[in-house]
Amino acid sequence: MWDFWDDLKKRVENGTASKTEEVKYKKLGRAFYHLSLDPFYPGLNTHEIPEMTKRYGVKVWQSYLENNKPAAGRFYWSYGPKKDEITITGLEPHPNTKSNSYKKIRLSDMNEE
């Protein structure tokens, strides 16, 4: 996720990002800002995904990047690996929960750097 963010930021800063990438960058930046202040900021609609918590063995939270759009963006995160840290582990469109599609979502590892 770090590599994705760093690459996106560089493309926006040097003017090579597409309009879609620029919008995603702004939405991510705003969401990460709110997450850093309060993971349960009301606009993020943060909630635990029990199925993913069970699968990964660590509490996995989902927060909104956007809402009220088809396939609205969501990002996944966990606390850690160090105290007072949050690690973003995934960025996906909202899954179709009717088909139990959280099984299709794969999260990044939480590496200590």
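The values are calculated or read from the model by the stated rules, or taken from the named source; none is laboratory data. Note that this is a predicted model, so its numbers are computed, not measured. Quick reminder, even Gly has a Cβ in these numbers, built from the backbone with ideal geometry, and neighbours come from all protein chains shown.
Filtering segment 1-22 to residues that are exposed (fewer than 10 other Cβ atoms within 10 Å of the Cβ) and either of a type in the set (Val, Ile, Thr) or within 12 Å of the chain's Cα centre (by Cα) (or both) leaves THR16, THR20. I'd like to know if segment 78-85 contains one or more residues that are under 18 Å from TRP5 (Cα atoms) and out of contact with any Asp or Glu (no Cβ under 6 Å at 6 or more places or on another chain). Yes, segment 78-85 has at least one match. Looking at the structure I just gave you, is ALA71 over 17 Å from MET1 (Cβ atoms) and crowded, with 17+ Cβ neighbours inside 10 Å? So ALA71 fails the test. The helices (runs of 4 or more DSSP H) falling completely within segment 1-66 that include 1 or more residues that are more than 15 Å from LEU107 (Cβ to Cβ) map to 2-13, 19-37. Using the structure shown, decide if LYS54 is surrounded by fewer than 14 Cβ atoms within 10 Å (Cβ to Cβ), out of contact with any helix residue (DSSP H, G or I) (no Cβ under 9 Å at 6 or more places or on another chain) and within 27 Å of GLU21 (Cα to Cα). Here the answer is no, as LYS54 does not meet what is asked. Of the residues making up segment 36-51, those that are in contact with a helix residue (DSSP H, G or I) (Cβ under 7 Å, 6 or more places away or on another chain) and either within 18 Å of PRO95 (Cα to Cα) or surrounded by 14 or more Cβ atoms within 10 Å (Cβ to Cβ) (or both) are TYR41, LEU44, ILE49, GLU51. The single residue among TYR25, TYR79, TYR33 that is among the hydroxyl-bearing types (Ser, Thr, Tyr), at pLDDT 90 or above and surrounded by 17 or more Cβ atoms within 10 Å (Cβ to Cβ) turns out to be TYR25.
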